[in-house]
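Heads up, the thing below is written out as structure tokens.
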There are 2 protein chains.
Amino acid sequence: MATIRDVAKAARVSTATVSAVVNDTAFVSPELRARVQAAIRELRYSPSLVARNLRRGRSQLIALAVADLANPFYARLVASAEAAVAGWGYSLVLFNSDEKPELERRILSRIRTLGCDGAVVVPVGAANQYRQREFADLPTVLLGRALEGDPADTVTVDNLSAGRQAGNFLLDLGHTRIGSITGPMQVSTGKGRLEGLLEAMAARGLAPQPGHVRSGEFREDAAYSVARDMMGQPDRPTALYIANGMMAIGAMRALSDMGLRCPEDVSIASTDTISGAGGMRPRLTRTEHPVADMTDTALRMLVERIDNKVSDAPRHLVFQPALVVGESCAPISR
Amino acid sequence: MATIRDVAKAARVSTATVSAVVNDTAFVSPELRARVQAAIRELRYSPSLVARNLRRGRSQLIALAVADLANPFYARLVASAEAAVAGWGYSLVLFNSDEKPELERRILSRIRTLGCDGAVVVPVGAANQYRQREFADLPTVLLGRALEGDPADTVTVDNLSAGRQAGNFLLDLGHTRIGSITGPMQVSTGKGRLEGLLEAMAARGLAPQPGHVRSGEFREDAAYSVARDMMGQPDRPTALYIANGMMAIGAMRALSDMGLRCPEDVSIASTDTISGAGGMRPRLTRTEHPVADMTDTALRMLVERIDNKVSDAPRHLVFQPALVVGESCAPISR
DNA sequence: CAGACTTAGCGAAACGATTAGCTATGGTGG
DNA sequence: CCACCATAGCTAATCGTTTCGCTAAGTCTG
């Protein structure tokens with residue numbers, strides 16, 4: 001690879017002049033400018049970002065660490081992030097922490113070492129106080145999940161509202177015996193969505209029957225068996241709120257295996273984070289995370305941090321999920 | 001951030017010694033080693049990869065440029081690639097050429113500038129001879145699609161075999177009136193798969209009837225209408241080979257809207273590259289690309305190139321798709 | 001005990017860019 | 001006609017590492 005010195009020699013100018021031409025940072029006479037550009041083309045010179053970044057102290061790299069790349073939800077997030085990052089003139093370095101806190105820690109350390117200008121992190125686990133101690137100087141935006149006490153900016157989604165919106169939709173259709181297949185209660189996405197549903201029902205003086213709220217662990221197979229079980233009871237719910245798309249697929253399959261039709265026999269509403277349910281008929285009625293918006297926002301916040309355009313106090317943004325109506329819900333009519 | 005000089009000063013040794021300790025590249029007496037390590041911990045020193053890479057002339061970065069990040073197929077590819085790259089001790093820089101040759105070119109130029117040690121590229125468009133001229137020195141593996149005359153290594157999949165395998169499976173079930181919804185004929189994935197099917201049928205002295213081979217443009221909605229049309233005819237096929245998963249979803253929906261059952265009335269086999277059909281029932285019988293294997297292989301080939309472990313002649317690997325049997329095909333029995 | 005070997009650790013020169021500060025040139029005003 | 005000024009372009013320091021070549025102290029050998 002040609003260096004700036006080769007170009008300087010070929011154009012019979014100094015490296016400073018070449019630099020000035022390349023970066024358009026000082027006036028260079030048309031004549032020299034032309035010579036330099038010719039030499040650049042001739043030698044196929046392309047400035048080394050490594051050297052430039054060493055000197056400038058920035059890397060033009062933004063890191064994204066997601067919790068589980070195999071999950072289509074994060075895949076979509078990655079796609080949005082790539083576009084946003086490129087739009088700001090950075091490049092995206094991608095990491096997968098695979099839900100392992102220890103790996104996340106190593107990734108952060110690598111991000112720091114690589115000299116990335118900032119990081120967007122979908123944090124895993126709960127107890128990563130080390131972020132505060134060791135990585136406080138790395139501009140960071142936490143995406144999807146807030147960690148209390150963490151000094152980073154956060155962009156999250158209102159899970160409570162997701163459950164509430166789905167619940168209200170079912171209630172408005174006249175359902176009163178509403179069940180739910182939830183996520184694990186120890187994670188905020190699992191807990192918040194159920195609480196939203198309960199809140200919506202409580203506002204109308206209702207509550208689910210015992211046994212009509214069960215955890216499907218955010219997994220398709222678990223949801224399948226929970227659904228079979230719950231819907232096999234004589235007093236089965238007329239509508240279900242299912243806390244993610246994966247589980248909705250499992251529940252749908254269970255219904256169809258039991259000879260129950262959706263939406264005629266059972267209405268299903270869900271909060272679809274994964275969008276793996278694209279090919280499913282009937283299409284799910286669901287609340288969706290505004291992934292693209294959230295990602296764009298996270299990156300804007302990050303770039304502002306990097307550019308020091310912003311006060312030190314961490315900012316916390318909460319996005320509202322949107323209700324998308326499919327064909328999986330019907331008014332109660334019997 | 002602390003530098004190696006700060007550490008050296010704190011430990012009262014030279015920077016060379018610190019470097020030796022950090023990289024374990026020369027013997028250092030236990031005593032000094034301990035002092036250095038203490039200083040490192042004390043100052044939270046983390047060597048700057050930027051500086052190291054400038055000096056070493058490598059970046060520990062591998063670039064991946066895919067043709068369309070929004071496509072779940074590439075999302076899966078990205079996930080595999082991240083894992084493989086991390087396994088080799090590199091980090092992954094991700095780009096999306098969005099099917100635009102001009103953008104791909106800019107991306108390659110950026111990859112070079114960033115100093116990436118190598119690149120895995122899913123090439124878009126056909127006429128990118130510039131790769132040979134301008135980027136011949138960048139170790140590259142082309143993934144998914146070969147470009148004739150390109151000096152890069154390639155890892156591709158045997159589309160002909162995909163069509164042949166699916167065809168033979170249907171033929172073995174006794175089907176003779178087999179139709180196909182194909183991709184566009186101008187791209188190798190579209191053309192190859194159909195040719196494979198035709199070959200399998202020809203080997204048994206069969207050929208599709210006119211009107212039983214139509215293009216669905218690799219799009220769900222186009223496939224829906226093509227399927228409705230084709231299956232509305234009196235002499236409709238008893239089995240369909242559908243050239244990708246997206247179109248299979250559309251065709252399934254068409255069948256169900258027409259009151260035709262799968263597999264009882266029509267058998268469907270597909271080549272599923274996108275795996276968006278995960279939630280579908282019946283599960284598709286399909287040939288699948290061994291994405292993970294292909295990606296792993298591409299990265300191994302790339303790393304070998306980077307390490308110069310390999311002769312100059314480009315290597316071309318062709319993977320075989322695998323037939324995955326679902327419930328969407330039945331023996332012909334009427 | 002002197003000379004030849006080892007070897008732990010050091011000093012300083014790279015790597016390839018940016019950029020502060022300087023030089024030399026030519027134009028202008030008094 | 002001289003002093004001065006503006007400014008195009010150059011020289012060299014710098015960013016934080018790695019690493020080559022060297023020094024000096026210690027160990028052997030005859």
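The values are calculated or read from the model by the stated rules, or taken from the named source; none is laboratory data. The structure presented is a predicted model; accordingly, all values stated were derived computationally and were not measured. Positions of Cβ are generated from backbone atoms using ideal geometry, with glycine treated the same way; all protein chains shown enter the neighbour counts. Heavy atoms of the whole protein, side chains included, go into the accessibility calculation; ligands, DNA and RNA do not. Shrake-Rupley method; radii C 1.70, N 1.55, O 1.52, S 1.80 Å.
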Springs between alpha-carbon atoms under 10 Å, Gaussian network over chain B: tell me which of B:Ala11, B:Ala136, B:Ala86 tops the mean-square fluctuations. B:Ala11
Mind giving me the FRET efficiency for A:Asn23 and B:Ala2? R0 is 35 Å, r the Cβ-Cβ distance, nearest 0.05 is fine. 0.75
Per residue of A:161-172, how many C-beta atoms from partner chains lie within 10 Å of its own C-beta, taken as a mean? 0
Order B:256-262, A:175-181 from most to least packed using the mean count of other Cβ atoms within 10 Å. A:175-181, B:256-262
Summed side-chain charge close to B:Val324 - residues other than B:Val324 whose Cβ falls under 11 Å, Lys, Arg +1, Asp, Glu -1: 0
With all protein chains in place and a 1.4 Å probe, B:Trp88 shows an accessible area in Å² (nearest 10) of 120 Å²
P(r) over all Cα-Cα pairs of segment B:234-334, 5 Å bins from 0 to the longest distance, whole percent per bin, short to long, reads 2, 11, 19, 17, 12, 9, 8, 7, 6, 4, 3, 1, 0
Using a label position 7 Å from Cα in the Cα→Cβ direction, what is the ascending list of nm distances from A:Arg315 to the same site in the other copies? 5.0
Here the correct list, in nm and shortest first, of distances from A:Pro151 to the same site in the other copies, label points 7 Å along Cα→Cβ, is 5.1
Give the chain B residue with the shortest beta-carbon distance to the rotation axis relating chain B to chain A, plus that distance as a whole number of Å. B:Ala75, 2
With a 1.4 Å probe and ligands and nucleic acids left out, the total accessible area lost when A pairs with B, in Å² to the nearest 100, equals 3300 Å²
Springs between alpha-carbon pairs under 10 angstrom, Gaussian network model over chain A: which of A:Lys100, A:Lys309, A:Lys191 fluctuates most? A:Lys309
Just to confirm the number: angle between the C-alpha axis of helix B:291-306 and the first principal axis of chain B, 0 to 90 degrees, nearest 10? 40 degrees
Sorted by accessible surface (1.4 Å probe, heavy atoms of the protein chains only), largest first, A:Thr17, A:Thr182 come out as A:Thr17, A:Thr182
Scan around A:Ala119 for amide H atoms under 5 Å from its own, H built in the peptide plane at 1.01 Å from N, and keep only partners 5 or more places away or cross-chain. A:Ala63, A:Thr140, A:Val141
Build a GNM of chain B with springs between Cα atoms under 10 Å: which of B:Leu143, B:Leu43, B:Leu173 gets the top mean-square fluctuation? B:Leu43
With DNA, RNA and ligands ignored, accessible area of A:Val50 (1.4 Å probe; Å², nearest 10): 30 Å²
Once amide hydrogens are built 1.01 Å from N within the peptide plane, the residues lying 5 or more places from B:Val213 or on another chain with amide H under 5 Å from its amide H are B:Ser180
How many percent of Cα pairs in segment B:1-105 exceed 19 Å? 59 percent
What FRET efficiency comes out for the pair B:Ala136/B:Ala16, r = Cβ-Cβ distance, R0 = 30 Å, nearest 0.05? 0.20
So who's got an amide H within less than 5 Å of the one on B:Ala2, skipping anything under 5 residues away but keeping other chains? H placed 1.01 Å off N, in plane. B:Ser46
Please list B:Phe27, A:Phe319, A:Phe95 in order of solvent-accessible area, largest first, computed with a 1.4 Å probe with all protein chains present. B:Phe27, A:Phe319, A:Phe95
P(r) over all Cα-Cα pairs of segment B:112-256, 10 Å bins from 0 to the longest distance, whole percent per bin, short to long, reads 11, 34, 26, 17, 10, 2, 0
Using the Kirkwood radius over Cα pairs of chain B, the Stokes-Einstein translational diffusion coefficient at 4 °C and 1.567 mPa s, in µm²/s and rounded to a whole number, is 57 µm²/s
Once the Cα gyration tensor of the protein assembly as shown is diagonalised, what are the square roots of 5 times its eigenvalues, in whole Å and ordered largest first, as equivalent ellipsoid semi-axes? 48, 36, 21
Mind listing the phi-derived Karplus ³J(HN,Hα) values for segment A:94-105, rounded to whole Hz, using 6.51, -1.76 and 1.60 with θ = phi - 60°, and x for any glycine or proline? 10, 10, 10, 8, 6, 6, 10, x, 5, 5, 4, 5
I need the per residue convex hull volume for segment A:4-47, using only the alpha carbons, in cubic angstrom as a whole number. 55 Å³
